[in-house]
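The values are calculated or read from the model by the stated rules, or taken from the named source; none is laboratory data. Source: prediction; values computed, not measured. Counting neighbours? That spans all protein chains shown, and the Cβs are built from the backbone with ideal geometry, glycine included. Side chains are part of the model used for accessible areas, which takes the heavy atoms of the whole protein and leaves out ligands, DNA and RNA. Shrake-Rupley method; radii C 1.70, N 1.55, O 1.52, S 1.80 Å.
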Amino acid sequence: MSGVWVFKNGVFRLVENPQAEASSDGRHGRRKVLVHLPTGEVVSSYTFLEQILIGLGWERYYDGDPDLYQFHKHSSIDLISLPKDFSKFNSINMYDIVIKNPNVFHVRDK
């Protein structure tokens, strides 16, 4: 019997292929990308994302945290907050954008 013993949620269990297990639970899984559905383009910069969001009625919000890149809509209470550094833009940020802009964006594996 070979593998690695993993302790999770108070239970020990034997994992025979730890790399596959880590990928399946998302901790070390594939990177995600945000796709703009009307064009099919992957959002690869905040400049591109800002152009799209402005076209959808979002405006830059400058009164918030200086470490965040933020957008708001006058027609709602929604606020999109993103890390200033695009390399820290992650799937949580992507899903936030998807939920606040239905049928415009999609998150998929890279």
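I'd like the residue in segment 84-110 that is in a loop (DSSP other than H, G, I, E, B) and of a type in the set (D, E, K, R) and, out of all such residues, is least open to solvent (accessible area, probe 1.4 Å). Only one residue tops the list, namely ASP85. Considering segment 69-78 alone, what residues qualify as being assigned to a loop (DSSP other than H, G, I, E, B) and either in contact with a Ser or Thr (Cβ under 6 Å, 6 or more places away or on another chain) or crowded, with 17+ Cβ neighbours inside 10 Å (or both)? Answer for segment 69-78, where residues must be assigned to a loop (DSSP other than H, G, I, E, B) and either in contact with a Ser or Thr (Cβ under 6 Å, 6 or more places away or on another chain) or crowded, with 17+ Cβ neighbours inside 10 Å (or both): just LYS73. Determine, yes or no, whether SER81 is under 14 Å from ILE97 (Cα atoms) and either open to solvent by 40 Å² or more (accessible area, probe 1.4 Å) or not aliphatic (A, V, I, L, M) (or both). It is true that SER81 is under 14 Å from ILE97 (Cα atoms) and either open to solvent by 40 Å² or more (accessible area, probe 1.4 Å) or not aliphatic (A, V, I, L, M) (or both). Say we look at segment 20-42 and pick out the residues that are among the aliphatic types (A, V, I, L, M) and at pLDDT 95 or above; which of these is most open to solvent (accessible area, probe 1.4 Å)? For segment 20-42, the residue satisfying everything is LEU37. Of the numbered criteria (1) part of a loop (DSSP other than H, G, I, E, B); (2) over 19 Å from SER45 (Cα atoms), the one PRO66 fails is (2). Among the residues here, LEU56 qualifies as of a type outside the set (D, E, K, R), over 18 Å from the mean Cα position of the chain (by Cα) and surrounded by 12 or more Cβ atoms within 10 Å (Cβ to Cβ).
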